[in-house]
Amino acid sequence: MFTAEMIASLNELETSLYNYICENEEKVAYMRIRELADETHVSTSTILRFCRKLNCEGFSEFKTKIKLHLEEIKKTTIKSVEHSVLEFFERISQGNINENIKKAAHLVAESNNVLFIGTGSSGIMAEYGARYFSSVGKFSMYINDPYFPIHAKLLSNSVAVALSVSGETPAIITHINQLKEQGIKVISITNSRYSTISKISDINIPYYVTEERFETSLGRNTHYETEEQFKYSDITTQVPVVYILESIAREIYKLKG
């Protein structure tokens with residue numbers, strides 16, 4: 001409901017009004033303007049000025065926005081972990097994921113080291129993958145900073161593993177382009193093989209689970225490129241990614257043996 005630009009435009013009284021509304025949204029949605037003025041110790045004219053800064057004609061329209069916002073939050077449902085995991089294992093039993101895992105393992109086994117890249121929750125998976133691969137004897141590093149500089153001399157005979165749920169993360173696409181220009185092979189793990197990242201990778205391992213997002217009011221992250229990404233947090237399960245990473249690592253160990 002409140003953008004950074006809107007909040008920045010508020011004066012001291014309007015900011016106190018904003019704080020009260022954030023803490024009492026359900027209550028404010030059904031208050032009269034005079035009741036809100038009494039509760040917050042501001043004038044009705046201050047409330048109306050506040051509403052106009054939020055692009056509302058008046059207090060009634062502002063309350064309608066609050067109600068719609070509350071309804072949107074109530075619509076959000078989160079599936080059980082069991083549902084997501086079973087969905088994944090049912091699909092891999094019918095697909096060729098094991099074949100792709102073996103191809104990826106062969107490519108990694110022939111390289112000197114591995115570079116994992118990802119942002120957000122995929123960045124955490126990148127760190128996990130680097131540690132797990134290093135544990136089985138394949139030296140690995142990870143990058144979770146979209147502005148991290150990449151120099152070809154440091155990546156001689158390396159393989160990159162790109163992680164992205166959507167497969168459309170701009171920072172990861174940029175990194176992949178830089179790596180491919182240096183002749184580095186790229187393995188991607190995404191939720192779909194029809195995404196941009198999967199299409200530009202040498203090997204793609206898709207896992208196909210239902211993507212889940214949760215509406216958030218937390219501050220804007222610089223990784224986000226659109227208002228849609230800012231509005232929602234991606235809470236899609238990362239269990240399939242852990243399965244794929246560990247499967248590749250174990251396959252590499254077999255090849256080395």
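The values are calculated or read from the model by the stated rules, or taken from the named source; none is laboratory data. Being a predicted model, the structure only gives us computed values, none of them experimental. No Cβ is skipped: glycine too gets one built from the backbone with ideal geometry, and neighbour counts run over all protein chains shown. Remember, those area values only see protein heavy atoms, side chains included, never the ligands or the DNA or RNA. Shrake-Rupley method; radii C 1.70, N 1.55, O 1.52, S 1.80 Å.
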Percent antiparallel among DSSP beta bridges (both partners in the chain, rounded to 5): 15
Per-pair calculated FRET efficiency, R0 = 22 Å: Glu39 and His69 via Cβ, rounded to 0.05: 0.70
Listed residue (Ser9, Leu155, Ile117) projecting farthest to the positive dipole end of the chain, Cβ model: Leu155
Between helix 239-256 and the chain: long-axis angle, C-alpha atoms, 0 to 90°, nearest 10: 20
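What size of dipole, in debye to the nearest 20, comes out for the range 1-40 about its Cα centre when the only charges are +1 on Lys and Arg C-beta atoms and -1 on Asp and Glu C-beta atoms? The partial results should precede the final answer.
Working: 3 positive and 9 negative charges, 26 e Å.
So the magnitude is around 120 debye.
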Free-standing Cys residues across the chain, given no other cysteine C-beta under 4.7 angstrom: Cys22
Overall form of the range 1-72 per C-alpha gyration tensor (a/c, 1.5; a/b vs b/c): rounded
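Placing unit charges on C-beta atoms (Lys and Arg positive, Asp and Glu negative, everything else neutral), compute the dipole magnitude of the chain about its Cα centre in debye, rounded to 20. Before the final figure, lay out each step's value.
On the way: 28 positive and 32 negative charges, 162 e Å.
In total the dipole reaches around 780 debye.
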Phi-based couplings in Hz for the range 134-147 (Karplus 6.51, -1.76, 1.60; Gly and Pro marked x): 5, 5, 9, x, 10, 4, 9, 10, 9, 10, 10, 10, x, 9
Relative frequency of Cα-Cα separations exceeding 23 Å in the chain, percent: 59
Probe 1.4 Å - accessible area at Ser45, Å² to nearest ten: 60
Extension gain (nm, one decimal) between Asn55 and Thr15, 0.36 nm per residue minus Cα-Cα: 12.8 nm
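Could you tell me whether the range 132-172 comes out rounded, prolate or oblate from its Cα gyration tensor? Rule is a ≥ b ≥ c as square roots of the eigenvalues, rounded for a/c under 1.5, then prolate if a/b exceeds b/c, otherwise oblate.
Details: a/c = 2.27, a/b = 1.31, b/c = 1.73.
Oblate is the answer for the range 132-172, as a/c is 1.5 or above yet b/c matches or exceeds a/b.
State the percent of C-alpha pairs, over all pairs in the range 84-147, separated by a distance greater than 17 angstrom. The partial results should precede the final answer.
On the way: 1105 of 2016 pairs.
Summing the P(r) of the range 84-147 above 17 Å gives 55 percent of all pairs.
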Where the chain is the region considered: accessible area per residue in Å², 1.4 Å probe: 56
Projected label distance in nm at Ser135 and Tyr194, using a 7 Å step from Cα toward the beta-carbon: 3.6
Rounded to the nearest 10 Å², the accessible area of Met1 at probe 1.4 Å: 80
Sequence of Tyr18, Tyr194, Tyr243, Tyr207 when ordered by accessible area, the most exposed leading, probe 1.4 angstrom: Tyr194, Tyr243, Tyr18, Tyr207
Dipole axis of the chain (+1 Lys, Arg; -1 Asp, Glu on Cβ), positive-most option in Val28, Val108, Ser247: Val108
Accessible carbon and sulfur surface of the chain relative to its total accessible area, %, 1.4 Å: 51
